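The values are calculated or read from the model by the stated rules, or taken from the named source; none is laboratory data. Note that this is a predicted model, so its numbers are computed, not measured. Reconstructed Cβ throughout: ideal geometry from the backbone, glycine too, with neighbour counts over all protein chains shown. Ligands, DNA and RNA are stripped out before the accessible areas are found, and what is left, the full protein with its side chains, is counted by its heavy atoms. Shrake-Rupley method; radii C 1.70, N 1.55, O 1.52, S 1.80 Å.
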Amino acid sequence: MALQVELVSPERVVLETEADMVRARTIGGGDIAFLSGHAPFLGALDTATITIRPAGGGNDIVAAVHGGFISVNEDVVRVLSDLAELAADIDTERARRAEERAQDAVRRGDDTEAEAALRRAHARLTAVGGI
Ligand code: ATP
């Protein structure tokens, strides 16, 4: 049996697909891979990538998610995130510029917002394979 996967942001359904595997990074729980038959699960997402292995083959789909929640129940995986970007929609150069700005700000001792911006940029660059 395949997993039904829904990746949703407040504005839109980013992705709806069937998958053999979904891997996500949860706060406190690290990387977790979900296969069909997984026990019910609810977790808070880190700012990181989520990997979706399409049912029946094909390349993995990777997205950057910036917080949110993942729930798994009866082979339905729901990912709800304020910000979710498919790798194909990520502007790599923009993410590199954001990374540089954030690194400068962190070096200057700027606040936690700079560190959060750096985590967003890293998630985006990891999603596009640029890290
Ligand atoms: P930047 O400084 O480049 O705006 P940011 O991390 O501050 O980066 P966010 O506030 O997280 O940007 O996002 C603002 C909007 O821009 C969101 O809709 C987000 O999906 C989009 N976005 C941000 N960076 C990128 C990127 N590199 N590629 C595609 N969309 C992006």
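Listed by first and then second residue, the pairs with beta-carbon distance under 7 Å, at least 6 apart or on different chains, first residue in the range 61-74 and closer than 8 Å to Pro40 by Cβ, second open to solvent by less than 40 Å² (accessible area, probe 1.4 Å), are Val72/Phe34. Against the definition (in contact with a Leu (Cβ under 7 Å, 6 or more places away or on another chain) and under 25 Å from Glu18 (Cβ atoms)), how does Asp89 come out, yes or no? The answer is no for Asp89. Filtering Ala102, Ala84, Ala98 for residues that are among the hydrophobic types (A, V, I, L, M, F, W, C) and under 22 Å from Arg23 (Cβ atoms) leaves a single hit, Ala84.
Within the range 86-128, restricting attention to residues that are outside any helix (DSSP H, G or I) and near the ligand (Cβ under 7 Å from one of its atoms), the residue that is most open to solvent (accessible area, probe 1.4 Å) is Asp91. Restricting attention to the range 68-85 and to residues that are closer than 24 Å to Gly130 by Cα and in contact with a strand residue (DSSP E or B) (Cβ under 6 Å, 6 or more places away or on another chain), the residue that is farthest from the ligand (Cβ to nearest atom) turns out to be Val79.
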